[in-house]
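Enquirer: Sharing a structure, written as C-alpha cells. Questions coming.
The values are calculated or read from the model by the stated rules, or taken from the named source; none is laboratory data. All values reported here derive from a predicted model rather than from experimental measurement. Every residue, glycine as well, gets a Cβ built from its backbone with ideal geometry; the counts of neighbours run over all protein chains shown. Just so you know, the surface numbers come from the protein's heavy atoms only, side chains and all, with ligands and any DNA or RNA stripped out. Shrake-Rupley method; radii C 1.70, N 1.55, O 1.52, S 1.80 Å.
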Amino acid sequence: MNAHDDGPTPRAARGGAEPEAGPAPTRRLRTALASGWAAGPPRGPSRPEFWRSPLRGPWLTAVFGIVLLFGVTILFLTGLLSYAAYEPDLAAVNDQTPGKGWLGFSLFTWPTSPYWLYRVTQGVHVTLGVVLVPVLLAKLWSVIPKLFAWPPVRSVADTLERLSLLLLVGGAGFEFATGILNVQLHYIFPGSFYTLHFYGAWVFIAAFVVHVALRLKRAVRALRAGPRQPAPDSEEAAGLVSPNPAAPTISRRGALGMVGLGSLALFAVTAGQSIGGWWRRTALLAPHGQEPGTGPNGFQINKTAASVGIRPSDIGPGWRLTVRGPGRQIDLTYAQLLDLPQNAALLPIACVEGWSTADQHWRGVRLTDLAALVGLETDIPPVLVQSVQRGGSFSSVVLSRGQVRDERSLLAVRVNGAVLSTDHGYPARVIVPGAPGVHNTKWVTRLTFGEPS
Ligand SMILES: Nc1nc2c(c(=O)[nH]1)N[C@H]1C(S)=C(S)[C@@H](COP(=O)(O)O)O[C@H]1N2
Ligand SMILES: [Mo]
C-alpha cells in the first residue's frame, strides 16, 4: 500500500500540513523553496529598498522603451537593406553568410538609382546606432532592479521570460558593440564582422519581438498615466518604483533631457562623416586614422595600398587589364585603356562603416564598353571584378546585371580632374551608383563577364 493512499481516513483528520498536490519530490522542493524564499530576499540588490533613485518608474522606462521600439525597428530594417545591398545571392565571393538559409528571405536586387541610396540607408543605420547608445544605457539603468528581483524563480513562464531578457540584453550589447567597434576601428573582425553582426541581429530581434509583445501594453498604459509615480507596491509600479526613495537631485523630465542631450551630442560628432565635405571635420567620432590630404584625391580612403600589400610592381608598367567574356579574352595596357572612350560620372563612395564622401567627379571607361570589347553588346551578364590585391575579402566582387548596365558604372582612371592616386586605386578602379563602397574595387586587373563565382 502506498503511504499517500488516504484510505478511509480524511486527510484533515490526520492533521497533516502537507501541500496538496504533486508527487513527493516536487512537493518537498516547493516547500523548501517556499520556506527559504518566504524569509525574503537576502540583503543587497534583491531588496526593493536597495534601489533608491526616485527617478525609476514605469513612465521613464516606457519613454525609453518606446524610443527604442522605433529606433531598433529602423536599425533592423536599414540593416536588412545593407545586407541586400551586398548582393550575397549573386555569387560566393559576395557572400559571407553562406549558411544563412531562409534568413536570406529578405534579399532583393539592389537598384542603382537613386545613386545616393546606400549613402542614405547606411548613414542612417550607423548614425542612429550611435545616437541610441545613451537611450539603451538609460533603459537598462531604469530596469536594473528587475535583474535582481526576488524570488529568482517563480514560475515556468516567468523563468522563460527572464531567459528571453538575457538574449535581449546580451543581443543588444553584442549588436551595438560589434557595430561600434567595426566603425571605430576599421574592420577589427576581418571578414567576420559581417557574419557576427548578421546572425547576432537575428538573435537580438527575436528576443526584441518577444519583449515588445509582452510589454507594449504596459508601456502604453504607463505613458498615458504620465510621469507621476504610482505606489511602489502597486501593479503599475512593475517593481520599478523605490519604496525608499532618496531625495531627488533632478526631475524625471530633467533625466530625459540629459539622455536626449547625450544623443544629440553623439549625433553632432557622428553625422558629419555621412555628409562629407567640410562637415567631416565635425565627425570627431569617425575614424580619423588616415588623413586623406587635400587636392583632387583628398577624400576619405578606406584601405591604403600599403596596408593591403599592393607592391609598386603590381601597378607599374607591367600592369594589364584582362577582360574576359564567353570564349574571348583581351589584355589591355594602361595606354590602351586610356584610348577607349572616356565617360564621366558624379558619384559618392559610401562605406558600410557609415562614412561617405560627397559626390566625386569620376572619369573612365563604361563597363558596358568593356563588355562590348569581348562581344557582349546586349543582355550583358554579371561581372566578376578582381584586384591585384592578394587575398582579403574586398579584393574581388561580382557586380549585378543592373550595376554593369548602368551607364554611370565606370572602370575609373581619373577623379576630380587628376589621375587616381595609389590609395584610391590607381591604375583603375570600379565606381558604381547606389552601392556599398565594397563594390568599388580598387587596383582592378581582371573583369570576367558571365562567370560569377
Ligand atoms: N582592392 C580593394 N578594393 C576596395 C577595398 C579594398 O580593401 N581592397 N575596400 C573597399 C571599400 S570597403 C570601400 S568603402 C572603398 C573605399 O574607397 P576609397 O578608399 O577610394 O575611398 O573601396 C573598396 N574597394
Ligand atoms: Mo567600405
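Enquirer: Name the residues in the stretch 87-111 that are open to solvent by 20 Å² or more (accessible area, probe 1.4 Å), outside any helix (DSSP H, G or I) and not charged (D, E, K, R), would you?
Expert: Leu90, Gln96, Pro98, Gly99, Phe105, Ser106, Leu107, Phe108, Thr109, Pro111 - these are the residues of the stretch 87-111 that are open to solvent by 20 Å² or more (accessible area, probe 1.4 Å), outside any helix (DSSP H, G or I) and not charged (D, E, K, R).
To keep it simple, each residue is scored yes or no on (1) exposed (fewer than 11 other Cβ atoms within 10 Å of the Cβ); (2) modelled with pLDDT of 70 or more; (3) under 17 Å from Phe148 (Cβ atoms).
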site	(1), (2), (3)
Glu18	no, no, no
Ala21	yes, no, no
Thr26	no, yes, no
Arg43	yes, yes, yes
Arg56	no, yes, yes
Leu60	no, yes, no
Ile66	no, yes, no
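Enquirer: Sticking with this one: Show the residue pairs that are 6+ apart or on different chains and have beta-carbon atoms under 7 Å apart, the first residue being within the stretch 295-317 and under 20 Å from Val415 (Cα atoms), the second being of a type in the set (Phe, Trp, Tyr) and within 13 Å of ligand 2 (Cβ to nearest atom).
Expert: The qualifying pairs are Gln300/Trp355.
Enquirer: Quick check on my filter: what residues within the stretch 261-290 are more than 13 Å from ligand 1 (Cβ to nearest atom) and either open to solvent by 70 Å² or more (accessible area, probe 1.4 Å) or touching a His at 6+ places or on another chain (Cβ under 9 Å) (or both)?
Expert: Within the stretch 261-290, Leu261, Leu264, Phe267, Ile275, Trp278, Trp279, Arg281, Leu284, His288 qualify.
Enquirer: Report the residue count in the stretch 370-399 for those that are in a loop (DSSP other than H, G, I, E, B) and either within 16 Å of ligand 1 (Cβ to nearest atom) or touching a Ser or Thr at 6+ places or on another chain (Cβ under 7 Å) (or both).
Expert: 10
Enquirer: Just name the residue that is farthest from ligand 1 (Cβ to nearest atom) out of those in the stretch 400-432 that are part of a loop (DSSP other than H, G, I, E, B), crowded, with 24+ Cβ neighbours inside 10 Å and within 30 Å of the chain's Cα centre (by Cα).
Expert: Among them, the one singled out is Ser400.
Enquirer: Something else now. Please work out which residue is farthest from ligand 1 (Cβ to nearest atom), limiting yourself to the stretch 304-321 and to residues that are open to solvent by 60 Å² or more (accessible area, probe 1.4 Å) and not small (Gly, Ala, Ser).
Expert: Of everything passing the filter in the stretch 304-321, Pro317 is farthest from ligand 1 (Cβ to nearest atom).
Enquirer: Among the residues of the stretch 322-362, which ones are modelled with pLDDT of 95 or more, within 16 Å of ligand 1 (Cβ to nearest atom) and farther than 18 Å from Glu407 by Cβ?
Expert: Within the stretch 322-362, Thr322, Ile349, Ala350 meet the criteria.
Enquirer: Name the residues in the stretch 319-369 that are more than 16 Å from ligand 2 (Cβ to nearest atom), assigned to a loop (DSSP other than H, G, I, E, B) and hydrophobic (A, V, I, L, M, F, W, C), would you?
Expert: If the condition is that a residue be more than 16 Å from ligand 2 (Cβ to nearest atom), assigned to a loop (DSSP other than H, G, I, E, B) and hydrophobic (A, V, I, L, M, F, W, C), then Trp319, Leu340, Ala358 are the ones that fit.
Enquirer: Restricting attention to the stretch 227-260, which residues are within 33 Å of the chain's Cα centre (by Cα) and exposed (fewer than 14 other Cβ atoms within 10 Å of the Cβ)?
Expert: Arg253, Gly254, Gly257, Met258
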